[in-house]
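Single-structure report; data block below.
The values are calculated or read from the model by the stated rules, or taken from the named source; none is laboratory data. Everything quoted here is computed from the prediction, not taken from an experiment. Virtual Cβ from ideal backbone geometry, glycine too; neighbours counted across all protein chains shown. Only protein heavy atoms, including side chains, enter the accessible area calculation; ligands, DNA and RNA are left aside. Shrake-Rupley method; radii C 1.70, N 1.55, O 1.52, S 1.80 Å.
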Amino acid sequence: MKKIGLIGGISWVSTADYYKLINEGINKKMGGLNFSECLVYSFNYADIKRNNDNNDWDATFELLFKGCQFLKSGGAEAIILCANTMHLIADRLQEAIDVPIIHIASETAVEIEKQKLKKVALLGTKFTMELDFFKERLIAKGIEVIIPEKQEDKDFIHYTIFEELGRGIVTDESKKRYLEISSQLIKDGAEGIVLGCTEIPLIIKENDVPVPIFDTTMIHANAAIEFQLS
């Protein structure tokens, strides 16, 4: 089994999901007492959030680079960034660290292709929705990407990711709003919904909407499992 390194704490909630999903997946395939051989480097989320608020991606890069170095020194043969937004600097990290980074958007694009969808909606932080680092991986595969049109909807999603979901808080009121936003995106032509934040699967489940959802946490975890057993 190949050893992997998880960059977590962004947030701890989704990192715990990664750890659980990867270990369950390894055990399902191998049986017995076989589980994932992995290292976890977990950040203080407040440090990352402060950098985000100041738009200081250089500082975030330095934090994650040190984390990647630590994991590499421990024998990690691939890095998993357990957060969609952190993939904004994934290419830069890949150039700086001589260990493959399994890219969450690339793996998501593969899954969308399998279902032959041509237009999907993307939900995530403002960085993930508005910048190109995630969308470009889908567009390169011929997949059109749409995001909520209303600024208040984007603000709501961004706020709840950090202030609710990132703390493990799920409310009926927020779930209702997420489903209303998703419903509008489906009316706008979305054939699937990409849960482009590793905390959003806490609030949107597979049967909540009438189109396929793409749980990026699950997709990314499965890619990690495949790498470990390759």
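The set of residues in region 150-184 that are open to solvent by 80 Å² or more (accessible area, probe 1.4 Å) and touching a residue at least 12 places away in the same chain (Cβ under 8 Å) comprises Arg167, Gln184. The sole residue among Ile89, Ile143, Ile97, Ile157 that is in contact with an Asp or Glu (Cβ under 8 Å, 6 or more places away or on another chain) and either closer than 15 Å to Phe214 by Cα or β-branched (Val, Ile, Thr) (or both) is Ile143. The residues listed here are Thr160, Thr171; of these, the one that is over 16 Å from the mean Cα position of the chain (by Cα) and within 17 Å of Ile204 (Cβ to Cβ) is Thr171. So which of Ile48, Ile7 ends up being of a type in the set (A, V, I, L, M) and either farther than 14 Å from Ala221 by Cα or in a helix (DSSP H, G or I) (or both)? Just one listed residue meets the conditions, Ile48. When Ile10 is tested against the conditions (1) modelled with pLDDT of 95 or more; (2) within 15 Å of the chain's Cα centre (by Cα), the lone failure is (1). When only residues in region 197-216 that are at pLDDT below 95 and under 12 Å from the mean Cα position of the chain (by Cα) count, which is surrounded by the fewest Cβ atoms within 10 Å (Cβ to Cβ)? In this case the residue turns out to be Pro201. Of all the listed residues (Ala140, Ala109, Ala121), the sole one being in contact with a strand residue (DSSP E or B) (Cβ under 9 Å, 6 or more places away or on another chain) and either modelled with pLDDT of 95 or more or surrounded by 15 or more Cβ atoms within 10 Å (Cβ to Cβ) (or both) is Ala121. In region 51-75, the residue that is modelled with the lowest pLDDT out of those that are open to solvent by 70 Å² or more (accessible area, probe 1.4 Å) and in a helix (DSSP H, G or I) is Asp53.
Restricted to region 22-32, and to residues there that are in contact (Cβ under 8 Å) with a residue 24 or more places away in the chain and open to solvent by less than 40 Å² (accessible area, probe 1.4 Å), the residue that is nearest to Tyr45 (Cα to Cα) is Ile22.
If you go through region 158-199 one residue at a time, how many are part of a helix (DSSP H, G or I) and in contact with a Leu (Cβ under 6 Å, 6 or more places away or on another chain)? Please lay out each step first, then the result.
Here is the first cut: in region 158-199, the residues part of a helix (DSSP H, G or I) are 158-163, 165-167, 172-187.
If we keep only those that are in contact with a Leu (Cβ under 6 Å, 6 or more places away or on another chain) as well, we get 165.
Residues that pass the stated criteria total 1.
Being free of Cβ contacts under 8 Å to residues at least 24 places away in the same chain and either in a strand (DSSP E or B) or open to solvent by 20 Å² or more (accessible area, probe 1.4 Å) (or both) is the requirement here; does Tyr19 meet it? Yes.
Assess whether Gly192 counts as being in contact (Cβ under 8 Å) with a residue 24 or more places away in the chain, among the small types (Gly, Ala, Ser), farther than 22 Å from Asp47 by Cα and exposed (fewer than 13 other Cβ atoms within 10 Å of the Cβ). No; evaluated as a whole, the condition is false for this residue.
Ile101 passes every criterion in (1) in contact with a helix residue (DSSP H, G or I) (Cβ under 7 Å, 6 or more places away or on another chain); (2) open to solvent by less than 10 Å² (accessible area, probe 1.4 Å) apart from (2).
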